[in-house]
Amino acid sequence: MKVIMGLGNPGREYEGTRHNAAWWFLDHLARTWPCEAWRKDRDAHVADGYLGPLRVRLVKPQTFMNLSGAALRSYLGRTGFDAREDLLVIVDDIAIPVGEFRFRATGSTGGHNGLKSIQAQLGNAEYPRLRVGIRPVDERRVIGNLADFVLRVMPRDERDLVEGLFPKLVTVTDSWAREGTAKTASTHGR
C-alpha cells in the first residue's frame, strides 16, 4: 500500500488557510482517482483507492500540524513498509512561491513543524516530500509572524494559483506511486 499523507489542521476555521493547501490537493486527488469516501481511522481521516493494481491510502492527520507524525504509527509497524518508497508527505511551504512546487526524495524540515513531527516519528529524514508553495506573489501580504500568517485564509487569487498546480501534482504523485521515489525525483525534482 502507498500512503500519501497531506499535512494540515482539522476544523472549519482552518479549511481555507495556507496551512491546509495539502488537504486541498488530497481532496482533489480523491476525486481524480477512484477513492472511497473519507472515513475516520485512529488519528486521521483516510480515503482508500486504487491506482491500477496499486492500493493507495490518502491520509489527513487529525492531530493538528505540530503532531502530524502520530498518524504514522499504524503504518510503521507493518511488514514491508518502507517510508522511502511507501510514504509521500505533502506539505505547504512558505519558502516556495505560490503556484510552484518541489519534489524531494529526502531533506530537511525547513523549520516546518509538521515535518519535524514526521521525522521524529520515523527517526530519520528518509522519506519523499512534495512541497506546495504558499509564499504570496506580493510579499507585503506577509504581515506579522509566520505562525499567524500560515493560519490565515488564503486570498482567492493565490488559492487559484495553488489549485492550478493540481494537474501537475497529480502527475508527480502518480509517478511516485508507480515508478518510485528515485525516478520521480530525477524526472520531477526541482
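Read the figures in this text as sums done on the coordinates, not as results from a lab. Remember, predicted model here, so these are calculated numbers, not experimental data. Cβ atoms come from the backbone with ideal geometry, glycine included; neighbour counts cover every protein chain shown.
For K183, go through the aspartates and glutamates and keep the ones whose alpha-carbon is under 13 Å away, minus same-chain ones fewer than eight residues off. The qualifying aspartates and glutamates are E85, D174.
Out of all DSSP beta bridges in the chain, what portion is antiparallel? Express it as a percent rounded to 5.
If I count the DSSP bridges inside the chain, around 55 percent turn out antiparallel.
Using only side-chain charges placed at the Cβ, +1 for Lys and Arg and -1 for Asp and Glu, the dipole size of the chain relative to its Cα centre rounds to 240 debye. Give me the lysines in straight-line cross-link reach of K60: C-alpha distance below 21 Å, same-chain residues under 8 apart excluded. K60 reaches K2, K40, K116, K168. From the Cα gyration tensor of region 1-111, with a ≥ b ≥ c the square roots of its eigenvalues, which class applies: rounded if a/c is under 1.5, or else prolate if a/b is larger than b/c, or else oblate? It comes out rounded by the Cα gyration axes. Nearest 0.05, what FRET efficiency do R152 and R39 give at R0 = 35 Å with Cβ-Cβ as r? Here the calculated transfer efficiency is 0.75. Summed over qualifying helices (DSSP H, 4 residues or more, each -39500 (n - 2.57)) and divided by its residue number, the chain shows a 222 nm mean residue ellipticity of -9500 deg cm²/dmol. Among R156, R102, the ranking by other beta carbons within 10 Å of each residue's beta carbon, starting with the fewest, stands as R156, R102. Stretched out straight at 0.36 nm per residue, the stretch from D82 to D160 would grow longer than its current Cα-Cα span by 24.6 nm. Between V137, P10, V59, the Cα set farthest toward the positive side of the dipole of the chain (charges on each charged residue's Cβ, about the Cα centre) is that of V59. Between helix 21-32 and the chain there is an angle of about 50 degrees, using the helix long axis and the longest principal axis of the Cα atoms. Between region 1-69 and region 88-131, how far is it from one alpha carbon centroid to the other, in angstrom? Centre-to-centre distance over Cα atoms comes out at 16 Å.
Which shape class applies to the chain: rounded if a/c is under 1.5, otherwise prolate when a/b exceeds b/c and oblate if not, where a ≥ b ≥ c are the square roots of the Cα gyration tensor eigenvalues? Rounded shape, in that the Cα axes give a/c under 1.5. For the residues V153, V89, V59, a GNM of the chain with alpha-carbon springs under 10 Å puts the largest fluctuation on V153.
Sorted on the mean count of surrounding Cβ atoms within 10 Å across their residues, most packed first, peptides 175-182, 114-121, 78-85 read 114-121, 175-182, 78-85.
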